[in-house]
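Asker: The structure that follows is given in the form of structure tokens.
The numbers here are math on the coordinates, done by the rules we state, and not lab data. None of these values were measured; they are calculated from a predicted model. Here the Cβ positions follow ideal geometry from the backbone for every residue, glycine too, while neighbour counts run over all protein chains shown.
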Amino acid sequence: MIIMDSGQSTLILRLCTSEGEKVGLEDAGKLLISLQEIAWHMGSFLEGQPFSEGGRLKKQILDDYCLLIKSISSGSVVVEVESAVKYGQPEIDNFQKYQPPGPRVITKITDFIASVEGEEGREVDDVVPDHAYRSRLLLDLLNLYPKKPNYALHFEGQGGRSFEMKAANRGRIEGLISQRQRHLGQEVRIGLLADLRVDPEKVMKIERIGEKFQAVYPGDLEARARDLLGHPVKLTGRAERISGSPKIKNFYVDKIEPYESYQLEEFEAGDRIFVPRIPIEVSVEYDEGLWVLSIPYVDAVGYSTDYYEAENQLHDFIDELWTEYALCPEDDLGETGKLLREVLLGLFEVN
């Protein structure tokens, strides 16, 4: 039995076997991992973070929605788990206003399972409207359901709502995943246009950010794609995924654009959290195998063969500038330093 107690709501998972067989330690461990994965991804959705296929979750999400083992009992497998963070910042969303991360994610996971199980008359699309997150969470939930026919999982979530999750019911989730693939919604993917094929079919290879995948493009985009070969691109289209996996099998391109910049979001560097006060555009270049990300206001730059490492370097550079100039007494700075200090204070709120 696995219990998640966040103070305001409780989640209980009881893994049972038929005919009194013992529960394997590996099976119990996989269940804990699956529970953590769905909590992290649901937490990212609740916080309004854009979905990134193959990308990394923000450290704040990993911390706020981390589950901790509270106790383990002998006999049947009994593990008590609680949320690492029980108190969070007030939320703007009226429905979940002032709920800390633990109760929020327990409530939403319970709602999601209820919709998949066909309880309460709620549709899966209503609980998680975002197509990309919905696909990811369905796959997470499929991992939570027992795979062995002699296992049954009793789930008791927020408000005492309970469901029997059996291996025989996995087909229902697999059907929803297939349905998601048949009714593809538009998605945006970022990457490097590494290769372009014309015959026998028009296929482009995308790599370097997140994951590698093939993208099928219509003939009227061929000239545009040739101009962007070897450059970062933003693709708008429909993703077809491998059954039972979040990986993209094919991406059908409707639109291709150069990926020359993006808007900087809140980020963590060192022991500080930087929140932009105004819209800040980060320039993106790819030059001879190096990703170069830069902010012209303060001449901050990060570069690496790995996109995410370049992003981390940029964040660290800004943190160093903040330490050297924003935290330095104004009287100790020269004219250029004073100007840079003023710019930094105008760009960021730092916690």
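Asker: Residues with beta-carbon under 13 Å from that of ASP331, excluding ASP331: net charge, scoring Lys, Arg +1 and Asp, Glu -1?
Answerer: -1
Asker: Between the DSSP loop rule and a limit of at most 12 other Cβ atoms within 10 Å, which GluC sites (Glu not before Pro) in the stretch 245-351 are left?
Answerer: Working: sites: GLU260, GLU265, GLU266, GLU268, GLU281, GLU285, GLU288, GLU309, GLU311, GLU320, GLU324, GLU330, GLU335, GLU342, GLU349; in loops: GLU260, GLU265, GLU266, GLU288.
When the GluC sites (Glu not before Pro) of the stretch 245-351 are filtered for loop state and at most 12 Cβ neighbours within 10 Å, GLU288 remain.
Asker: While we're on this one: What does the charge add up to near LYS255, with Lys and Arg as +1, Asp and Glu as -1, over the other residues with Cβ less than 13 Å from its Cβ?
Answerer: Value of the local net charge: 0.
Asker: Return the long-range amide H neighbours of LYS255 (sequence gap of 5 or more, or a different chain), with a cut-off of under 5 Å between placed amide H atoms.
Answerer: Long-range HN contacts for LYS255: THR236.
Asker: Still on this model: Enter the Cα centre distance for the pair the stretch 25-41 and the stretch 112-157, rounded to the nearest angstrom.
Answerer: Here the two parts' Cα centres lie 14 Å apart.
Asker: Quick one: order ILE295, ILE38 by neighbouring beta-carbon count within 10 Å, fewest to most.
Answerer: ILE295, ILE38
Asker: In the neighborhood of ASN143, defined by Cβ-to-Cβ distances under 13 Å, what is the net charge if each Lys or Arg adds +1 and each Asp or Glu adds -1?
Answerer: So the environment of ASN143 carries a net charge of 0.
Asker: With the cut-off at 21 Å, tell me which of the pairs LYS202/LYS249; LYS30/LYS249; LYS59/LYS338; LYS59/LYS212; LYS58/LYS205; LYS30/LYS148 have Cα atoms farther apart than that.
Answerer: Where the Cα-Cα span goes over 21 Å, the pairs concerned are LYS30/LYS249; LYS59/LYS338; LYS59/LYS212; LYS58/LYS205.
Asker: Right, next: Ranking ASP64, ASP227, ASP140 by Cβ neighbours within 10 Å, fewest first, what do you get? Intermediate values should be presented prior to the final figure.
Answerer: Numbers: ASP64 24, ASP227 11, ASP140 21.
If I rank by nearby Cβ atoms, fewest first, I get ASP227, ASP140, ASP64.
Asker: Could you please rank SER304, SER283, placing first whichever residue has the fewest other Cβ atoms within 10 Å of its Cβ?
Answerer: SER283, SER304
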